[in-house]
1. Of all residues in the stretch 108-123, which are over 17 Å from residue 140 (Cβ atoms), aliphatic (A, V, I, L, M) and surrounded by fewer than 18 Cβ atoms within 10 Å (Cβ to Cβ)?
2. Out of the stretch 117-150, which residues are β-branched (Val, Ile, Thr), assigned to a loop (DSSP other than H, G, I, E, B) and under 12 Å from the mean Cα position of the chain (by Cα)?
3. In the list 19, 25, which residue meets the criterion of being at pLDDT below 95 and on the phi > 0 side of the Ramachandran plot?
4. So, residue 51, is that one open to solvent by less than 100 Å² (accessible area, probe 1.4 Å), of a type outside the set (A, V, I, L, M) and within 28 Å of residue 177 (Cβ to Cβ) or not?
5. Among the candidates 85, 105, 131, 80, which residue alone is within 21 Å of residue 46 (Cα to Cα), open to solvent by 30 Å² or more (accessible area, probe 1.4 Å), in contact (Cβ under 8 Å) with a residue 60 or more places away in the chain and of a type outside the set (A, V, I, L, M)?
6. In the stretch 134-151, how many residues are open to solvent by less than 40 Å² (accessible area, probe 1.4 Å) and touching a helix residue (DSSP H, G or I) at 6+ places or on another chain (Cβ under 8 Å)?
7. From the list 101, 81, 74, 95, exactly one residue is hydroxyl-bearing (Ser, Thr, Tyr), modelled with pLDDT of 95 or more and under 12 Å from residue 58 (Cα atoms). Which is it?
Amino acid sequence: PLRPGILPHVAAMGRVIRGQRKGAGGIFKSHVKHRQGAAKLRSHDFAERNGYVKGVVKEIVHDPGRGAPLARVYFRNAYKYKINKELFIAAEGTYSGQFIYCGKKAHLAVGNVLPLGEMPEGTIICNVEAKMGDRGTFARCSGDYATIISHNPEENRTRIKLPSGTKKIVPSTARAMVGIRCWWWSHRQAYDEGGSCVPQVSCEEELVANSPRCCYES
C-alpha cells in the first residue's frame, strides 16, 4: 500500500542516488565561511618586469579545507600611500617577519619569486605559472615542487619537471617561487611550542618605514 499523498507513477521509480541528492544542495554545500581566499602570486606589474618589489610576511595562516599553510604578505603600493595585502603559497622555511622579494632582479632565496629564465638549471621551485601573469598553476599542493631542467634562450622557453614526473615546456618569463611547497607537518612543528618560532611583525608602519616601494637597479 502507498503512503497518503504518494502518486503511483512516482512510487514505481527507482531510488534517488547519491549524486542526485548532492545536486540539490542542502547539507552537501561546501563550508566556505572561514576560507582565507585564493592564494596567488602578485599581479605581474612594471616593477616585477624590470626590477623587484619588497614585501614582508605578516603571518602564517591556516586555510580550512587546505592541507598546507598560507602566507599573508604585505607590499607597499608603488603609486599610492597604502599597503597591498597578498595571500601567497608558503614555501618550506617561510616565517613571519621574513622579507619576500618579487621580480626579475630579486636574488635567489627561498620564498622569493623570480621569472624562470632568471633561475639556474636544477633550481627547486613551486607555484609555477603556466603562462606569464596567470599567478600560479603548477606544484601548489602540500610538499610538491618542480625542478628546472634546461633553458632555451633562442625560443625563450624553459623545460621543467613537474611533481608527477612529467616534463613540460613553459615560457621563460613565467614566474615561480623558490623552494618546496610547505607541508602540514612543518606547519605543525612551528606551533608545537606554543606559537610561531619567529615573532610576528608588529605593525604595518614597519614595512612602510623600512622598505622601498620598488627598485630597478641591477
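1. Within the stretch 108-123, 108, 109 meet the criteria.
2. Passing the criteria: only 137.
3. So the residue among 19, 25 that is at pLDDT below 95 and on the phi > 0 side of the Ramachandran plot is 25.
4. yes
5. Working: 85 fails: in contact (Cβ under 8 Å) with a residue 60 or more places away in the chain; 131 fails: in contact (Cβ under 8 Å) with a residue 60 or more places away in the chain; 80 fails: in contact (Cβ under 8 Å) with a residue 60 or more places away in the chain.
After ruling out the rest, the residue left standing is 105.
6. Within the stretch 134-151, residues that are open to solvent by less than 40 Å² (accessible area, probe 1.4 Å) and touching a helix residue (DSSP H, G or I) at 6+ places or on another chain (Cβ under 8 Å) number 1.
7. None of the others qualify; the one that does is 74.
The values are calculated or read from the model by the stated rules, or taken from the named source; none is laboratory data. All of these numbers come straight from a predicted model, not from anything done at the bench. When we count neighbours, we look across all protein chains shown, and the Cβ atoms used for this are built from the backbone with ideal geometry, even at glycine. Accessible surface is based on the protein model in full, side chains and every heavy atom, while ligands, DNA and RNA are left aside. Shrake-Rupley method; radii C 1.70, N 1.55, O 1.52, S 1.80 Å.
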